[in-house]
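Values quoted throughout were computed directly from the atomic coordinates according to the rules given, and no laboratory measurement underlies them. Because the structure is predicted, anything quoted here is derived from the model rather than measured. Here the Cβ positions follow ideal geometry from the backbone for every residue, glycine too, while neighbour counts run over all protein chains shown.
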Amino acid sequence: MKKIMKKGHVIIIVIAVGALMCLIAKAGNFENKAAEEVQDIQNPSTTNYELRTTNYDFTDSSHWNLTVSAWEHLAAKDFEGVYAYGRKCLELYEAPAKEKAKQMTTFAQFGHEDDYDLVNDVATAHYVMGEAYMKQDKFDEALQEFNLIIAEYPYAQCWDPKGWFWKVADISKKNIEKIGKFKKGIQ
């Protein structure tokens with residue numbers, strides 16, 4: 001009986017030590033989060049959005065890469081990733097893209113679509129964010145993105161890996177129609 005008691009005590013001690021280690025680990029994690037919150041308070045210009053985007057890699061911040069990354073995060077249903085890459089693309093490239101888009105009076109000729117890659121990628125970043133909003137039933141935000149594309153980037157095109165360019169404003173119009181039908185069905 002004494003041997004069993006000793007084994008039992010050992011098991012209890014092992015369990016207690018394991019539980020204690022878990023508590024210490026959680027406390028350390030809590031301290032790290034608390035330190036982050038203090039840092040946020042000390043730097044009031046830091047937004048929650050900026051804190052969430054630190055998990056994403058903006059090393060290659062070309063408009064093409066940012067747009068492709070937004071697409072990839074949409075496919076993975078990582079909506080924060082979609083918005084992180086989409087917004088970074090807009091932050092860096094929207095102003096020059098709008099200027100170039102104003103000069104466009106028609107779609108780029110076949111073989112010259114890449115002459116307008118900046119316009120195409122910025123419009124596509126808006127489009128991908130609109131799609132993400134739709135998937136989350138955030139229809140007002142989606143409508144904003146699609147209407148902006150129609151107004152600001154009517155001649156933007158997006159490359160489809162299947163081998164052709166599609167017109168971003170045309171598909172945006174179709175998504176607006178889908179949202180309208182969906183909203184009518186709800187009422």
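Brief remarks on what is shown
- For the range 59-186, the square roots of the Cα gyration tensor eigenvalues, ordered a ≥ b ≥ c, give a/c of at least 1.5 with a/b no greater than b/c, which places it in the oblate category.
- 24 Å Cα-Cα threshold exceeded, pairs from Lys98/Lys162; Lys102/Lys184; Lys88/Lys135; Lys102/Lys173; Lys88/Lys184: Lys98/Lys162; Lys102/Lys184; Lys88/Lys184
- Interchain or long-range residues, amide H under 5 Å from Phe165's placed H: Asp160
- Footprinting exposure proxy ranking of Lys162, Lys183, Lys98, fewest other C-beta atoms within 10 angstrom first, gives Lys162, Lys183, Lys98.
- Formal net charge of residues neighbouring Tyr116 (Cβ-Cβ distance under 15 Å; K, R +1; D, E -1): -4
- Cβ crowding within 10 Å ranks Met129, Met104, Met134 as Met104, Met134, Met129, fewest other Cβ atoms first.
- Ordering Glu80, Glu91 from the fewest to the most neighbouring beta carbons within 10 Å gives Glu91, Glu80.
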